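Have a look at the structure below before the remarks.
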Amino acid sequence: MKKLASLALIGLTAGLLSFTGGAMASEGQKTAKDIDFSFEGPFGKFDRQQLQRGYKVYKEVCSNCHSMRFVKFRNLAEGGIFTEEQVKALAATYTMKDGPDSNGEMFDRPGLPSDAFPSPFPNVEAAKSANGGAAPPDLSLITKSRPGWYGTFNQLWNGIGGPQYVYSVLTGYEDPPADLAAEQPEGKYYNPYFGAGHWIGMPPPLSDGQVTFDDGAPNTLDAMAHDVAAFLAFTAEPKMEERKHLGFMVMIYLALFSALLYLVKKKIWADVH
């Protein structure tokens, strides 16, 4: 019995470790900054204007190094960020490699809504070569794969904090503390919010006034980081609003069904003493 109990305890511990393994902060990593987004909570929705601004930040800044290969241009229309005509025009600004044609040759053509966002590099090795040996991560699912909050129950209650992580990294560049400054690797920058350690190879990508928004919204570093983090939350979960709506309807259905079951039970057992 003691052996069985020990095995059960080991199994339970392993299960908990596997459940929380992806939610462990690297040594010295700061918890993400606690900022609000319009899509948080059971009734939260995306701010379409903010998503338009976030897309512009991605296109003008982030897309120079980062791919988004799991997102298609048509997703921007399906999510209501742009109209279908706007998406067609937007996709056409990109040049896509296609083919082979009837002669067996590859050729260039304007992008189509059905195309995925193109990578800025032809292959991973080229990406590594241009970025100091480390390929920039794909941003399609970055807010689902990078936690900002830690602790199992904290994440169950608050979510993993992926958009907050993106915002915190973009706004979290600092001068290294004195005890770390001496060991700063060449070509690396100090960012205590970075999930892979203190040092990040990406230079600070945003600065005040770098992108001009069509709606006249503020273009400070904080504002741009907030907007692009929201956009990347959309690319990671474009059907989020539909999921929330469906979940709400299911909860209403279950509540009504439970009430009906209770009334039926009361009726059937009314004469039983």
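What follows is calculated from the coordinates using simple rules that are stated; it is not laboratory data. What you see is a predicted model, and the numbers here were worked out from it, not measured in a lab. A quick note on method: Cβ atoms are made from the backbone with ideal geometry, for glycine too, and the neighbour counts reach across all protein chains shown.
Taking the radius of gyration and the Kirkwood hydrodynamic radius from Cα positions alone, what is the Rg/Rh ratio for the stretch 167-215, to two decimal places? When Rh is taken as the Kirkwood radius, the ratio is 1.08. Using only the alpha-carbon atoms of the stretch 28-181 as identical scatterers, what base-10 log of I(q)/I(0) does the Debye formula give at q = 0.11, 0.12 Å⁻¹? At q = 0.11, 0.12 Å⁻¹ the computed log10 ratios are -0.58, -0.68.
Converting phi to 3J(HN,Hα) with the Karplus coefficients 6.51, -1.76 and 1.60 and the offset θ = phi - 60°, the stretch 110-127 yields x, x, 10, x, 7, 7, 7, 4, x, 7, x, 10, x, 7, 5, 5, 5, 5 Hz in sequence order, with x at every glycine or proline.
Between D101 and N64, the simple spin-label model (points 7 angstrom out along Cα→Cβ) gives 3.3 nm. Reported to the nearest whole Å, the Cα centre-to-centre distance from the stretch 30-91 to the stretch 210-257 is 8. For the chain, a simple Cβ point-charge model (Lys and Arg +1, Asp and Glu -1, everything else neutral) yields a dipole of about 1420 debye relative to the Cα centre. Normalised by 2.2 N^0.38 Å, with N the number of residues, the alpha-carbon radius of gyration of the chain equals 1.30. Extension gain, Q86-V124: 0.36 nm per intervening residue step, less the Cα-Cα distance, totals 10.6 nm.
Packing order of peptides 202-209, 74-81, 51-58, highest average first: 51-58, 74-81, 202-209 (average count of other Cβ atoms within 10 Å over each peptide's residues).
Listed cross-link partners K59/K144; K30/K128; K72/K144; K59/K244; K45/K88 are compared with a 22 Å cut-off, the Cα-Cα value being larger for K30/K128; K59/K244; K45/K88.
The GluC sites (Glu not before Pro) of the stretch 175-258 meeting both criteria, a DSSP state outside H, G, I, E and B (loop) and at most 13 other C-beta atoms within 10 angstrom of the site's C-beta, are E183, E186.
A full extension of the chain between I268 and N131 corresponds to an added length of 42.1 nm, given 0.36 nm per residue minus the alpha carbon distance.
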